[in-house]
Amino acid sequence: MGRAFEFRKERKFKRWGNMSRVFTRLGKELAIAAKAGGPDPDNNPRLRAVVQNARSENMPKDNIERAIKRATEKDHSDYKEVVYEGYGPHGVAFIIETATDNPTRTVANIRSYFSKHGGSLGTSGSVDFMFEHKCVFKVKEVPGLDLEELELELIDVGGEEVFADEGEVMIYGAFESYGAIQKFIEERKFELVSGGFERIPTGELKELSPEHKAEIEKLSDKFEEDDDVQNVYTNVK
């Protein structure tokens, strides 16, 4: 198994807290995708995948349609995707992905969370080199599916790693191969559960004592609670 499998085994992603926060963040993803590629999922592969993500989280159909419609309205706030980097206590690297209509507010909040928990906001590129940005798809596992054969087929479209995970198949690939891999999945008629991106630490994951890990989790929780924050990544084991 490769790096993506090891990372996922070590760190199951934390759920997005309560349902309202899940829907808020999915709503932003829907709006951004619709704004970038148009409101018709049939002609917008990225939006198609985000819609599926929303369905897998049981987001009501009306909420999905409203979020897409708002993206085309003139008075709708434009969300910008901004990535922040920094170090938490004990030299732990953080990458925080946000979707915000007010970057001034967001950066002030991010800086405040870092400083209040013994960390510091870094400049662009200060920790990005410590992570690989990958696209990742989750599809329903099909009985009798040969994962080694599937992985060989996916190599031609940018796939890098395939493995089973609790009745589903995880497909990781190069960031720029998102569209090609999604097209492959749809042509093969796999049932898509979700599609998106993850940042995977490239070096050895940091091992911390329980006390130090609790400090990192406290800071991570603070980021996660912010409505502008979409995803938080660290290099903690």
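The values are calculated or read from the model by the stated rules, or taken from the named source; none is laboratory data. The shown structure was predicted, so the numbers you read here are calculated from the model rather than taken from an experiment. In this analysis, Cβ positions are derived from the backbone assuming ideal geometry, glycine residues included, and neighbour counts consider all displayed protein chains. Ligands, DNA and RNA are stripped out before the accessible areas are found, and what is left, the full protein with its side chains, is counted by its heavy atoms. Shrake-Rupley method; radii C 1.70, N 1.55, O 1.52, S 1.80 Å.
Looking at this structure, is A31 open to solvent by 40 Å² or more (accessible area, probe 1.4 Å), part of a helix (DSSP H, G or I) and among the small types (G, A, S)? So A31 fails the test.
I'd like to check which strands (runs of 3 or more DSSP E) are fully inside the stretch 165-237 and have at least 1 residues that are open to solvent by 20 Å² or more (accessible area, probe 1.4 Å) and in contact (Cβ under 8 Å) with a residue 60 or more places away in the chain.
Where strands (runs of 3 or more DSSP E) fall fully within the stretch 165-237 and carry at least 1 residues being open to solvent by 20 Å² or more (accessible area, probe 1.4 Å) and in contact (Cβ under 8 Å) with a residue 60 or more places away in the chain, they are 192-201, 229-234.
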